[in-house]
1. If you scan segment B:207-239, which residues turn out to be out of contact with any strand residue (DSSP E or B) (no Cβ under 6 Å at 6 or more places or on another chain) and either at pLDDT 95 or above or among the hydrophobic types (A, V, I, L, M, F, W, C) (or both)?
2. Among the residues of segment A:73-95, which ones are buried (at least 19 other Cβ atoms within 10 Å of the Cβ), under 12 Å from the mean Cα position of the chain (by Cα) and not β-branched (Val, Ile, Thr)?
3. Residue B:131: touching a helix residue (DSSP H, G or I) at 6+ places or on another chain (Cβ under 9 Å) and modelled with pLDDT under 95, yes or no?
4. Is there a residue being surrounded by 15 or more Cβ atoms within 10 Å (Cβ to Cβ) and under 30 Å from residue B:54 (Cα atoms) anywhere in segment B:130-141?
5. Mind listing whichever residues of segment A:22-54 are without any contact (Cβ under 8 Å) to a residue 40 or more places away in the chain, outside any strand (DSSP E or B) and farther than 25 Å from residue B:139 by Cβ?
6. State all residues of segment A:62-109 that are among the hydroxyl-bearing types (Ser, Thr, Tyr), touching a Phe, Trp or Tyr at 6+ places or on another chain (Cβ under 9 Å) and at pLDDT below 95; if no residue qualifies, say none.
7. Give all pairs with beta carbons closer than 7 Å in which a residue from segment B:63-81 that is touching a residue at least 40 places away in the same chain (Cβ under 8 Å) and polar (S, T, N, Q) meets a residue that is surrounded by 16 or more Cβ atoms within 10 Å (Cβ to Cβ) and not in a strand (DSSP E or B); count only pairs at least 6 apart in sequence or on separate chains.
8. Restricting segment B:146-162 to residues that are away from chain A (no Cβ under 12 Å) and part of a strand (DSSP E or B), which is modelled with the lowest pLDDT?
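The values are calculated or read from the model by the stated rules, or taken from the named source; none is laboratory data. The structure displayed is predicted, hence computed values, not measured ones. Cβ placement follows ideal geometry from the backbone for every residue including glycine, while neighbour counts extend to all protein chains displayed.
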Amino acid sequence: MRGVCWLLLLAAEPAVCAEPAAPVEPEFTIHIRMHQFQPAELKVPAGVKLRIVVQNDDDVADEFDSYALHREKHVPPKSKATLFLGPLESGRYPFKGEEHSGSGVASGLLIVQ
Amino acid sequence: MSAHPLKGALCVALALTCLAVRADPNDYILTPTVTQGERELDFKFGVGSRGPRIDVARAAGLGFGYGVTNSWFTEATVQYVRENNTGTRWDGIEWENVLQLSEPGEWPVDVGVAAEVEKMHDPAEGWNVRLGPLLQKDFGRVRANLNLLLRHRYAGETQQRMRVDYQFQLKYLYREPFEFGLQGFSELRPWDGWASSDRQYLRVGPMVSGALPLGNARGLVYNAGLLFGAAGKSYDRTLRLQIEYEF
């Protein structure tokens, strides 16, 4: 049992003990307002790791869902979620939000170039 | 992810000691990612065959799972088993927890922890606990998973030494409804002195998986595999299927 504990602690030590570092990846922000992504199209550079912040300005939860980017993230109301992507090849990567009655499903496009 | 939630997750994980889980034919690959607010009904089924004998063992489980936070998923499952035509019996209740320790893509490898506790219906089999890291990495459209799980049995009539399960999967993310690859399940016993291959469990074979959106935030997710025994004590063939209804 003691060996198990040491194994788990060693595996997690870099994450637990590391000082929070300033982000080195380019960071982009997408807002969710009235169940729509703003901007609906976001251009980002290819070949580098990216940090995408999804800021939900609405009073209800929403999500960022993209099979092309292999990401599904729930975003609580008045909160933000951070996604780490890439490096991505040039192309167009669609994403969508959560379905809401009356407003359908928000959609967006990540243009990597 | 800040350090404090991570330490809390580790404390919860370490509080759950390790136990042993049988190499049931309905075993499945655990993944380290969690979606907050996601609810699911999870059906898992498997049939193991040996030589000319088909359906030597059959196992099924029905569970309800919920993404409590953006880093904690929990699921309770009722397990049934049938072995050697002795009739289907209630096998036990399992409580599974997955703790997501990193955002996908944040670290070089996505990391999570699985912690499971199973209360066996037969008092002689006691309690089983399984605990260990879940690792996942994407190489373009190829996703690799590797899980190392320690397990041990408590309060059973027969003593068992701690064992190591490992699971692996390589799959190509072709389309959302259809992905394909290879998966394997193995049990190394005991954890500090692996027995010869004729006493180990190892099953490997092709798999398919995918997700089918149903609208209104509902969907079906499936994962199926046809596994072939590659070590002495494994079933020669195992057909396994997992279907999740997400809502």
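1. Matches in segment B:207-239: B:214, B:217.
2. A:73, A:74, A:81, A:83, A:85, A:86, A:95
3. No; evaluated as a whole, the condition is false for this residue.
4. Yes, there is a match, as at least one residue in segment B:130-141 is surrounded by 15 or more Cβ atoms within 10 Å (Cβ to Cβ) and under 30 Å from residue B:54 (Cα atoms).
5. A:22
6. Across segment A:62-109, the qualifying residue is only A:107.
7. Close Cβ pairs (under 7 Å, with a partner that is surrounded by 16 or more Cβ atoms within 10 Å (Cβ to Cβ) and not in a strand (DSSP E or B)) amount to B:71/B:9; B:71/B:34.
8. B:153
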